[in-house]
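Structure first, commentary second.
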Amino acid sequence: MAASMPSDTSVQLLIRPEDIIHDDNSPVKAEVLQRNFRGANILYTLLLGSGDKVQALVPSHCDHLPGEKIGIYSDVRHLVVFPVDVQRNK
């Protein structure tokens, strides 16, 4: 769908929690805001340096507490792009 949009279209991106990858060696750090144990995985709500929030689905053996900073990177092969209706968002 993104290929059919004009180049100046405002968009929102959706990235799935399983596409935010935990990697302690990553220079990109995010603060753990919340954690939700899901058996084999933990669903983290993370605060990025930009102030945006993302969710990451991480194996449960990587157990971090709220307030900790963890390294992450994104696997952007599965991005979903939505055009933003600028008039509706005002």
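The values are calculated or read from the model by the stated rules, or taken from the named source; none is laboratory data. Because the structure is a prediction, the values reported are computed rather than measured. Methodologically, a virtual Cβ is constructed for each residue, glycine included, from the backbone with ideal geometry; neighbour enumeration extends over all protein chains shown.
Restricting to the range 7-27, and then to whatever is of a type in the set (Ser, Thr, Tyr) and within 12 Å of VAL84 (Cα to Cα), can you tell me which residue is nearest to the chain's Cα centre (by Cα)? Reasoning before the result, please.
So in the range 7-27, the residues of a type in the set (Ser, Thr, Tyr) come out as 7, 9-10, 26.
Subsequent filtering for residues that are within 12 Å of VAL84 (Cα to Cα) retains 9-10.
On the way: THR9: 22, SER10: 19 Å.
So, considering only residues that are of a type in the set (Ser, Thr, Tyr) and within 12 Å of VAL84 (Cα to Cα), the one nearest to the chain's Cα centre (by Cα) is SER10.
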The range 8-52, residues that are modelled with pLDDT under 95 and basic (Lys, Arg): ARG16, ARG38
Qualifying positions in the range 1-42 - in contact (Cβ under 8 Å) with a residue 24 or more places away in the chain, farther than 16 Å from VAL76 by Cβ and either of a type in the set (Val, Ile, Thr) or touching a helix residue (DSSP H, G or I) at 6+ places or on another chain (Cβ under 6 Å) (or both): THR9, VAL32
Segments classed as strands (runs of 3 or more DSSP E), wholly inside the range 13-68, with at least 2 members that are exposed (fewer than 12 other Cβ atoms within 10 Å of the Cβ): 29-38
